[in-house]
Amino acid sequence: MHTYMTYKKNKIIPFILTSVGLVLPAMALLSAPKLANAEEKFLIKVGIMSGEDEDVWREVVKQAANRGLVVKTVVFNDYNQPNEALQDGEVDANAFQHQPFLNNQIKVNHYDIVRVGDTAVWPIGLYSKKVKSVTELKTYSVVGVPNDPANEARGLNLLQQEGLIKLKPGAGIFATTADITDNPRHIQIKELDAGIIGRSVPDLDAAIVNTDWALKSGLSKADRIAQERVKDNPYNNFIAVKKENINAPWVKTLVASYQNDAVKSVFDKVYQGTGITAW
């Protein structure tokens, strides 16, 4: 029999798992004798995105268990869901986003969420099934970009990096199509949902696709004709928690459970160089 504690809306709720799998409130068994070798552990839920990251987090779960932390992953398929779940207390942490994305979510939804430990960076890429290099893109080519503010800006900056467009000075991570000041090849920008843009690449001349969605869509390095710079990249992903939990003991344990060589080894195998650990 093991005693666990789960965090839910700022409260630590103890429960007991019996040897026959029956879950009972700890209060109901206060009179039961405590086993000499009983282990006390914290149980937390972490929101992640479906796909390759699930393989990485299986190793994180193992590393956390070695540190006395029980982690249950909750898998999402929509970028907007993990922060909502974290804010509502349905999960205790999440790991899927970069700072510009979180900043926008906080601005729109007033979330009380903070960054606690970096995980990795996936350099966003420009993919094409029709050309092999940026120089081959013709006048009036149709280029898809993600339609969420953070990733659209990221994509537009990559197009500027490759000389396809120029943006208003200072637009930076807040750039929108309204900030395009020069478009010498008259590139037609088509805004699409990040979740479907990868599958739309064959129908476009090229498209900006997040690495995780590129993998899900069957795109490969051979299809990538440009990539954003890795050095000083503002789009490092990270583990996030509600601000009220920033000093909770389990937070440091969770971060350490991700930031180690065992996880890096699995990460490198899973992402095959398309992602880079960032701690």
(Q) Can you tell me which residue is modelled with the lowest pLDDT among those in segment 267-279 that are assigned to a helix (DSSP H, G or I) and surrounded by 17 or more Cβ atoms within 10 Å (Cβ to Cβ)? (A) Tyr271
Q. Can you tell which of Val209, Val145 is outside the structural domain of Asn80 (by TED's automatic domain parsing), crowded, with 20+ Cβ neighbours inside 10 Å and more than 21 Å from Ala120 (Cβ to Cβ)?
A. Val145
Q | Ile246 being at pLDDT 95 or above and in contact with a helix residue (DSSP H, G or I) (Cβ under 8 Å, 6 or more places away or on another chain) | A | no
Q.
Name the single residue that is nearest to the chain's Cα centre (by Cα) among those in segment 114-140 being crowded, with 18+ Cβ neighbours inside 10 Å and farther than 26 Å from Asp232 by Cβ.
A. Ser128
Q: Those residues that are part of a loop (DSSP other than H, G, I, E, B), under 25 Å from Gln259 (Cβ atoms) and touching a residue at least 60 places away in the same chain (Cβ under 8 Å), I need them from segment 197-248; list them, please.
A: Asn210, Glu228, Arg229, Val230, Asn233, Pro234, Tyr235, Asn236, Ile246, Ala248
Q) Here are some residues: Ala214, Ala256. Which one is on the phi < 0 side of the Ramachandran plot, in the same structural domain as Phe42 (by TED's automatic domain parsing) and in contact with a strand residue (DSSP E or B) (Cβ under 9 Å, 6 or more places away or on another chain)? A) Ala256
Q: Please enumerate the residues belonging to segment 183-211 that are modelled with pLDDT under 90 and in contact with a helix residue (DSSP H, G or I) (Cβ under 7 Å, 6 or more places away or on another chain).
A: Ala194, Gly195, Asn210
Q | Residues being among the small types (Gly, Ala, Ser) and buried (at least 21 other Cβ atoms within 10 Å of the Cβ) - total across segment 55-113 | A | 3
(Q) Please go through segment 236-253 and give me each residue that is under 9 Å from Val116 (Cβ atoms), of a type outside the set (Val, Ile, Thr) and touching a strand residue (DSSP E or B) at 6+ places or on another chain (Cβ under 6 Å), ordered by number. (A) Phe238, Ala240
Q) Going through segment 187-218 one residue at a time, which ones are among the hydrophobic types (A, V, I, L, M, F, W, C) and closer than 17 Å to Met49 by Cβ? A) Ala194, Ile196, Ile197, Val209, Trp213, Ala214, Leu215
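The values are calculated or read from the model by the stated rules, or taken from the named source; none is laboratory data. Note that the coordinates shown come from a computational prediction; the quantities given were computed from them, not determined experimentally. Quick reminder, even Gly has a Cβ in these numbers, built from the backbone with ideal geometry, and neighbours come from all protein chains shown.
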